[in-house]
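These notes concern the structure reproduced below.
The values are calculated or read from the model by the stated rules, or taken from the named source; none is laboratory data. These numbers were taken from a predicted model, which means no experiment stands behind them. Cβ placement follows ideal geometry from the backbone for every residue including glycine, while neighbour counts extend to all protein chains displayed. Note: accessible area is taken over every heavy atom of the protein model, side chains too, but ligands, DNA and RNA are not part of it. Shrake-Rupley method; radii C 1.70, N 1.55, O 1.52, S 1.80 Å.
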Amino acid sequence: MPTEFAADKSHHGFRCEPSAHPETIRADALVVFVTEGTISGAAAGVDRATGGLLSRLATAGEITGKRYECVPILAPTGVAAGQIVVIGLGPEGTGPDGSTDLGTLYRAAATATRHLSTRPRETVVLVAEPSWSARQTEQAVAGGAMGMVGQDLRRSDKKRTRFGATILAGATPEALATGLLIADGVNLARRLVNSPPDDLYPETFAEAAAAIAGRTGMEIEIWDEHRLDRERCRAILAVGRGSSRAPRLVKLTYRGPGVPAGPPHVALVGKGVTFDSGGLSLKTPDGMLTMKCDMAGAAAMLAAAATIAALRLPVNLVAVCGLAENMTGPAAYKLGDVITARSGTTIEIHNTDAEGRVVLADVLDVVREMAPQRIVDAATLTGACMVALGHDVAGLFTNDQAWCDQIAAAARAVGEPVWQLPMYPEFDEQIRGDVADIKNVGDGRWGGAITAAKFLERFVGGIPWTHVDIAGPAFAEKPRPWIDGGGTGVLVRTLVELARDGFR
Ligand code: BES
Ligand code: MN
Ligand code: ZN
C-alpha cells in the first residue's frame, strides 16, 4: 500500500526535441499556445505550415486566445500531427517581464493535456515558445504532466489516460527535468488527498512518507502512539482517541548539498487529519463527505520537502506532519475536556471539530524545540477561511510580516492565490479559557479563521511563523478545464519556489 501512495509514473514518456519545425513531428496532437490578439511565435510557424488556417480561424472568431480557451482542429493539412490544439493564454504581458505569468502557463498546459487525456494517445507534442524562460517552460511542463492525471484512482473505466509519449518541442532537458519533478510533487500531494480515508490513515501516511524519504534521500523519524505519549503529545493523542487508527507524527529532515549543518532554514508543518468526522461535535453528512481532504496540509509539506530534496536545492529543512483521525469512538475526547499540550499550555475543548489547531499545538511545539529560522504551516483549518476568501484563495496569517511577504511573493510568482488576514491582539481575548489557559474556539463564528490562527500562534514561541489556511484551495469540488475535481496539490509549487530562493 505505501508503495502505491508513493508510486509515480508521470515521468514516463516525456522528452524534448528541437522546435524549429514542430509541424513535421508525427503525433496524435500538436499543442500550440496563443495570447489574445495576433497569432505569433510558434503558432505563427504552424499557421504558415497550414496555409494560414490559424489566422483564418482567428479572423472568424473561432480562436480568440482567451485564457484556457481550448480549440481542437481535427485533421488539418500541412502538419504531420492528426490534430492541432490551440490553447489561449489570455492577454499579453500578465507576467512581471511583459511575458505570460507562470500560473497561467501551468494551467494552460494542463488544460491541453487534460483535454487530450480523455482518450488514449500515442504521442502528443507541446510546443514551448522560443521566448519562454526556463521557469516558464518548467511550469508549462509541470502543468502538462499534472493535467493528464485524474482523481480516478480506483475507477476501472479510467477517465484519463497518460500519453504514450509527450514531446516538449523547444524545451531544454534541464527545464523538462525540473518541471517533471515539480509535477511529481503536485501529483503526489493530489494522490494522497484523493486516496480513500480507510486506506490512507496515520500509519499508512507515515509508511508512504518513509517510502518517499528513502527515495529522495531524506531522514525520517516516525513517532507512534507510545513515542507520542513519552513526548507528552497529549493534544495529538486526544484528537486521535476516538479512532481505532492511532495517530502518528512524521519528521523529515533534508540537508542540501554543501549546506553546513545548523538549525533548519525552515520548518514545514502540516495538518494531517486523515479523516475529520468532527468527532462528538459531529459534522453533517454534507460537511463530512470531502473530509478525507483534511490531511492536505501534511500532503503538501511532504510533497514539497520531497520535491526540494529531489531537486537537491541548497537548503536545510525539516517537515513535520501531525497525523490523526478525528472520530467518535468510545474513548473520543469530549467537550469540556482539558488537555495539557506538549508545551504545558492547557486547552479547554469547546468543540471537537476544531481539532486541527489541537493537533498542530503539539506539532508546532516539537518544531519550536528544533529552533528553525522560520516556520510555515499549511492546514485545512477553517470553513471560516472559505467564507472569507472563497474556494480558490488561501489565507495567510503571521507574526512576522517579512516572512509572510516572502511567501505571498512566491505564491504570486507561481500563480497560487493567497490573501493575508489580520492578527489584531483583540482576537486573543476570544480564545482565553475559563477552566484552562485557552479554549479551542473563539466566541461565536465571526472571524473564525483568525481565532484559529491566534490559537496556533500560542505555540510557535516567537519564531517567525506564517500559517496558511488552505481549506478552500486544497480540494476542488468541481473540475476545472485544467484539473479534475479532488486534491489540487496547492502550495507545493509555492514552497518549491520559496526554496529556490533559499527561503530568503
Ligand atoms: N477541517 C475542518 C475545516 C474545513 C472545512 C476544511 C471545510 C475544508 C473544508 C476543520 O477541522 C473544522 O471542522 N473547522 C471548524 C471549526 C469550528 C468548529 C470552530 C469549522 O470551520 O467549522
Ligand atoms: Mn474539524
Ligand atoms: Zn479538520
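Calculate the all-directions average of the projected area of the chain's alpha-carbon convex hull, and give it in nm².
22.7
Rolling a 1.4 angstrom probe over the protein heavy atoms, how many square angstrom per residue are accessible across the chain?
Per residue, the chain has an accessible area of 37 Å².
Over segment 2-182, one equal point on each Cα, no solvent: what is log10 I(q)/I(0) by the Debye formula at q = 0.11, 0.16, 0.17 Å⁻¹?
-0.43, -0.91, -1.03
Over what distance in Å are the Cα centres of segment 435-455 and segment 3-56 separated?
Each part reduced to its Cα centre gives a spacing of 51 Å.
Measuring from centroid to centroid over Cα atoms, what is the spacing of segment 79-112 and segment 164-213 in Å?
A separation of 23 Å, based on Cα centres.
Might you report the magnitude of the Cβ-based charge dipole of the chain about its Cα centre, with Lys and Arg at +1 and Asp and Glu at -1, to the nearest 20 debye?
Magnitude of the dipole: close to 880 debye.
Against the longest alpha carbon principal axis of the chain, how many degrees, from 0 to 90 and to the nearest 10, is the axis of helix 296-310 turned?
Result, in degrees: 60.
For segment 449-504, evaluate the Debye formula with one uniform point scatterer on each Cα (no solvent term) and list log10 I(q)/I(0) at q = 0.21 Å⁻¹, rounded to two decimals.
Cα-only, vacuum Debye calculation for segment 449-504: -0.94.
Quick one: how many lysine pairs does the chain have with C-alpha atoms less than 20 Å apart and a gap of 8 or more or different chains? Give me the count, please.
Taking the chain as the scope, the lysine pair count is 15.
On a 1.4 Å probe surface of the protein chains, which of 482, 403 comes out largest in accessible area, and what is the full order?
Putting 482, 403 in descending order of accessible area: 482, 403.
So, with a 1.4 angstrom probe, what is the percent of accessible area on the chain that is carbon and sulfur?
Accessible surface attributable to carbon and sulfur in the chain totals 53 percent.
Tilt of helix 173-194 relative to the longest C-alpha principal axis of the chain, in degrees (0 to 90, nearest 10)?
On a 0 to 90 degree scale, this one is about 50.
When the expected Rg is taken as 2.2 N^0.38 Å, what fraction or multiple of it is the alpha-carbon Rg of segment 181-329?
1.06
Remind me, relative contact order of the chain in percent, using alpha carbon pairs under 8 angstrom and six or more residues apart?
Computed value for the chain: 15 percent relative contact order.
List the relative contact order of segment 1-137 as a percent without decimals, with contacts defined as Cα pairs under 8 Å and 6+ residues apart.
Over segment 1-137, the number comes to 30 percent.
How long are the three semi-axes of the equivalent ellipsoid for segment 105-258, computed from the Cα gyration tensor as the root of 5 times each eigenvalue, in whole Å, largest first?
Three semi-axes, in Å: 37, 21, 11.
For the chain, what does -39500 (n - 2.57) per DSSP helix run (n ≥ 4), summed and divided by total residues, give at 222 nm, in deg cm²/dmol to the nearest 500?
The helix contribution divided over the chain gives -10500 deg cm²/dmol.
Give me the distance in nm between label points sitting 7 Å out from Cα along the Cα-to-Cβ direction at residue 477 and residue 198, one decimal.
2.5
So what are the three principal axis dimensions of segment 396-455 from its Cα atoms, in whole Å, longest to shortest?
Rounded to whole Å, the extents work out to 45, 21, 15 Å.
With a cut-off of 20 Å, note down the residues of segment 228-242 whose backbone N falls inside the zone around a label point 7 Å from the Cα of residue 338 toward its beta carbon.
Within reach of a label on residue 338: 232-239.
So what are the ³J(HN,Hα) numbers for segment 208-218, from phi and the Karplus equation (6.51, -1.76, 1.60; θ = phi - 60°), rounded to whole Hz, Gly and Pro as x?
Each residue's phi maps through the Karplus curve to give 4, 4, 5, 4, 5, 4, x, 6, 9, x, 10 Hz.
Read phi for every residue in segment 383-390 and hand back ³J(HN,Hα) as whole Hz from Karplus 6.51 cos²θ - 1.76 cosθ + 1.60, θ = phi - 60°, with x for Gly and Pro.
x, 4, 5, 6, 4, 6, 10, x
Among 207, 416, 477, what's the order by accessible area (1.4 angstrom probe), most exposed first?
Output order, biggest surface exposure first: 477, 207, 416.
Between rounded, prolate and oblate, where does segment 343-419 land on the alpha carbon gyration tensor, with a ≥ b ≥ c its root eigenvalues, rounded for a/c under 1.5, else prolate if a/b exceeds b/c?
Cα axes put segment 343-419 in the oblate bin.
Sorting 254, 424 by accessible area (1.4 Å probe), largest first, what list results?
Result, largest first: 424, 254.
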